[in-house]
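The values are calculated or read from the model by the stated rules, or taken from the named source; none is laboratory data. All of these numbers come straight from a predicted model, not from anything done at the bench. Cβ placement follows ideal geometry from the backbone for every residue including glycine, while neighbour counts extend to all protein chains displayed.
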Amino acid sequence: MPVEIDIAKVASLARIALSDEELRRYGEQLGAILEHAERVQQLPTEGIPPTSHPVPMTNAFRDDVVTGSLPAEDALAGAPEAEDGYFRVPPVLGDS
Amino acid sequence: MSDPADLTIKAAGDAMRAGELTSLDLTEAALERARITESHLHAFLTLDQAGAKEAAAAADAALAAGEDAGPLHGIPIALKDNMCTKGIETTASSQILSGWIPPYNATVVDRLSAAGAVVVGKTNLDEFAMGSSTENSAYGTTRNPWDTDTVPGGSSGGSAAAVAAGSALGAFGSDTGGSIRQPASLCGVVGMKPTYGLVSRYGLIAFASSLDQIGPFARSVEDAAVLLEAVAGFDIHDATSIRGDVPNIRGSLSEGVAGLKVGIVTELSTTGIDPEVREAVVQTVNELSDAGAEVVDVSLPSCEYGLSAYYLIAPAECSANLARFDGVRYGLRAAGSTTEEMMAATRAEGFGPEVIRRILLGTYALSAGYYDAFYGQAQRVRTLIRREFAAAYEDVDVLVAPTSPTTAFPIGERTADPIAMYYADVCTIPMNLTGDPGISVPVGLDSKGLPIGFQVMAPALGEERLFQVAKAVEDIAGFTARAALATSEVVQP
């Protein structure tokens, strides 16, 4: 059975503005993909630890020395809008 | 074939050092091949003619002055357009990065430059490397040089097609679920995914960070090994980079397979595999046996769940990685009266359908209430698959299987059915889940004249053994056919 999901909520969490028609279509497709992906639940995994990463490693440290870094103007060069050394964005809070 | 564009890296290097050929000759031959074939293929998003010729001339001057940077000195290569190249547009085939000029080089780009390689251009891919056919590019589909009505595979389809066509002597791609090996198989070239952590991911636009790995495409196993050697090794800029010595890569290249134990993976070689592909794989395995290898069947039952686990893990990681594309720091920005509206509008406009599908899938799989049933369970299945492979390698030296269940499929055949497309990676995904290396070597053609790839797999950091067996497979198969387009009258009148 295709998995039922609240696709509008998922799209909102992912910050993607979709039309009702797009939401319906993605909802159906995701339901079908998840029906397939749900097969992982058929395998007994009690007591099996998860693998988040293929190479067992903990923290990777480097020596604490000052090195050169990307100049601010280079970092800002690709920005849609920049001002006075900052990225510029529309108002963070709306009117309401 | 006397056109330098058709040489292997090894042969071109020998000719250059014998004074029979310059890097500029070679680079101009590759650029000329691209000029002729690109209207049929669309393998490249950017061709850097001026930069390539300049680098080639510099390589020639250095060689004349006695400065030899090694086997890649003066060799024209191509890079998948998800690797950052300072000053050269890098889009990952997405509208959201249209026009973006990286302010820095990926580590592989710097290392290739130090090795004397000449970058001819940036190749097409499925948007953000999500796909198996290169049809998900926002800038148009790449076509397969063996039959331009079929796909080149993906996501590194542009790199595979460029090498098969002769527009570069070698190339680099990235492999998250098979994105190097599968297009190599479909385009009749060698493609290799190294052990996770062997090649730095710094400057690779991230798709799924625990699965992504950069690797080479070439026209011979030895060339692939040479390309890997140039980029492998610890990088302080990549926290997942493996510290310590790089494994020997070419040390046993010519030692054959006598005395080695080869396991054929049942679950990746039977159900759902095209009969002609299966037959070619069985024949190659028989020939390995004739050459002195001991061949056994190996059952890895959890492999059947690999695809399902992958399509939870990869989207989950992509949903986090692609959060950075929000219209603030780079790329596209759509209108919005608040920052949040701007971000949501930018992402809807800038991402293509497959990328949106995977971000939504990953967001769902990671969301409260579903995390353990989907993402957590997929990670536990990943552990089971890793354990099964590790146990198998206690008994065998290498594992083998087809690279792709089918040869190249017609353009448009699977675009409406995401799950059918996902099956293209069923044989390659396990290596990304385990982090182990894998390589695809062309071994023959099917009845349609399309290439069939044979996959060799080895345990982590087992590159020396992997290349040794791959070379034996190459020698046994004696695959010398070239892509129809590369030998056609269009190219060689």
*State the number of residues belonging to the stretch B:205-248 that are in contact with a Ser or Thr (Cβ under 6 Å, 6 or more places away or on another chain) and among the aliphatic types (A, V, I, L, M).*
3
*Check the stretch B:198-205 and report whether any residue there is touching a residue at least 60 places away in the same chain (Cβ under 8 Å), farther than 28 Å from B:Tyr330 by Cβ and crowded, with 24+ Cβ neighbours inside 10 Å.*
yes
*State whether one or more residues within the stretch B:312-325 are aliphatic (A, V, I, L, M), in a helix (DSSP H, G or I), within 21 Å of B:Ala460 (Cα to Cα) and within 14 Å of chain A (Cβ to nearest Cβ).*
yes
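Limited to the stretch A:51-80, what total is found for residues that are farther than 17 Å from B:Arg386 by Cα and more than 7 Å from chain B (Cβ to nearest Cβ)? Spell out how you get there, then give the answer.
So in the stretch A:51-80, the residues farther than 17 Å from B:Arg386 by Cα come out as A:58-80.
Among the residues that remain, those that are also more than 7 Å from chain B (Cβ to nearest Cβ) are: A:58-59, A:61, A:63-69, A:71-73, A:76.
Matching residues across the stretch A:51-80 total 14.
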*Answer from B:Glu354, B:Glu349 - the residue that is outside the structural domain of B:Ala470 (by TED's automatic domain parsing), farther than 30 Å from A:Ala82 by Cα and surrounded by fewer than 24 Cβ atoms within 10 Å (Cβ to Cβ)*: B:Glu354
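Going through the stretch B:375-390 one residue at a time, which ones are within 7 Å of chain A (Cβ to nearest Cβ) and touching a helix residue (DSSP H, G or I) at 6+ places or on another chain (Cβ under 9 Å)? Even if it seems obvious, please write down each step before you answer.
Quick first cut of the stretch B:375-390, residues within 7 Å of chain A (Cβ to nearest Cβ) only: B:376-384, B:386.
Hits for the stretch B:375-390 are B:Gln377, B:Ala378, B:Gln379, B:Arg380, B:Val381, B:Arg382, B:Leu384, B:Arg386.
Please specify each residue of the stretch B:170-198 satisfying the condition of being aliphatic (A, V, I, L, M) and either within 23 Å of B:Val443 (Cβ to Cβ) or touching a Lys or Arg at 6+ places or on another chain (Cβ under 9 Å) (or both). Lay out the reasoning, then the answer.
The initial filter retains those residues of the stretch B:170-198 that are aliphatic (A, V, I, L, M), namely B:171, B:180, B:184, B:186, B:189-190, B:192, B:198.
Result: B:Ala171, B:Ile180, B:Ala184, B:Leu186, B:Val189, B:Val190, B:Met192.
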*Filter the stretch A:13-50 for residues that are assigned to a helix (DSSP H, G or I) and among the basic types (Lys, Arg); which is farthest from the other protein chains (Cβ to nearest Cβ)?*
A:Arg24
_Of everything in the stretch B:332-350, what is at the interface with chain A (Cβ under 7 Å from one of its Cβ atoms) and closer than 16 Å to B:Ala138 by Cα? Give them in sequence order._
B:Arg347, B:Ala348
*Yes/no for B:Arg250 being surrounded by 24 or more Cβ atoms within 10 Å (Cβ to Cβ) and either in contact (Cβ under 8 Å) with a residue 60 or more places away in the chain or not in a helix (DSSP H, G or I) (or both)*: no
*Answer with yes or no whether B:Lys53 is in contact (Cβ under 8 Å) with a residue 40 or more places away in the chain, among the basic types (Lys, Arg) and in a helix (DSSP H, G or I).*
no
*Pairs under 7 Å by beta carbon, first residue facing chain A (nearest Cβ under 10 Å) and under 19 Å from A:Ala37 (Cα atoms) in the stretch B:406-423, partner among the charged types (D, E, K, R) and outside any loop (DSSP other than H, G, I, E, B), six or more apart or different chains?*
B:Pro418/B:Arg357
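Evaluate the following for B:Ala165: is it closer than 21 Å to B:Gln455 by Cα and crowded, with 24+ Cβ neighbours inside 10 Å? Steps first, answer last, please.
Details: closer than 21 Å to B:Gln455 by Cα: no; crowded, with 24+ Cβ neighbours inside 10 Å: yes.
No, not satisfied.
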*Within the stretch B:285-301, how many residues are surrounded by 23 or more Cβ atoms within 10 Å (Cβ to Cβ) and not hydrophobic (A, V, I, L, M, F, W, C)?*
0
*Kindly establish whether A:Arg88 is exposed (fewer than 15 other Cβ atoms within 10 Å of the Cβ), more than 7 Å from chain B (Cβ to nearest Cβ) and closer than 20 Å to B:Glu341 by Cβ.*
yes
_Looking for something more than 9 Å from every other protein chain (Cβ to nearest Cβ), under 28 Å from B:Phe389 (Cα atoms), assigned to a loop (DSSP other than H, G, I, E, B) and modelled with pLDDT of 95 or more - is there at least one such residue anywhere in the stretch B:299-308?_
yes
*Hey, B:Leu288 touching a residue at least 40 places away in the same chain (Cβ under 8 Å), over 17 Å from A:Arg15 (Cα atoms) and not assigned by TED's automatic domain parsing to the domain that holds B:Ala477 or not*: yes
_Positions within the stretch B:211-236 being part of a loop (DSSP other than H, G, I, E, B) and out of contact with any helix residue (DSSP H, G or I) (no Cβ under 6 Å at 6 or more places or on another chain), in sequence order_ = B:Asp212, B:Arg219, B:Ser220, B:Gly233, B:Phe234, B:Ile236
